[in-house]
Amino acid sequence: MTSSARTNEGDRIAGLEELARNLDSRWHIPGTGIRFGLDAVAGLIPGVGDVAAALVSGHIILHGWRAGAPGHVIARMVGNVALDTVVGSIPVLGSVFDVFYKANNRNVRLLRRHFDSAAR
């Protein structure tokens, strides 16, 4: 991978990190170290909230696939979003799960690790 390709990939992943932060850890609960994002908030809307969040999470997976992440990385990313969506669909408990599981942050970390190790 060329130096400029690594830089472009790094820039794209930085953008995905910002998206994941907004989805999973944008705000904090005062007086605690607990962070939450739009995914947990959207999960409070029955039926559509978790599906909408899963569609946005799919953007991160799609980027990983287009960028050439291997199948096992993509499979873990899909599994993270599937678990987040299924458990997240349980009223109230699902939003609590979203606050702590943070599938999007996990997925961006998977991509970052993969591309950092591939660059070496």
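Read-outs: derived from the displayed coordinates by stated rules, not from any lab. These figures come from a predicted structure and were not determined experimentally. So basically every Cβ, Gly included, is an ideal-geometry build from the backbone, and we count neighbours across all protein chains shown.
Note on the chain: helix-only mean residue ellipticity at 222 nm, from DSSP H runs of 4+ residues weighted -39500 (n - 2.57) and normalised by residue number, equals -24500 deg cm²/dmol. Rounded to the nearest 10 degrees, the inclination of helix 103-119 to the longest alpha-carbon principal axis of the chain is 10 degrees. Electrostatic tally near LEU93: other residues with Cβ closer than 15 Å to its Cβ, Lys and Arg +1, Asp and Glu -1, net -4. In the chain, the longest principal axis of the Cα atoms and the axis of helix 48-66 are about 10 degrees apart. If you take the Cα centroid of the range 43-103 and the Cα centroid of the range 8-22, the two points sit 16 Å apart.
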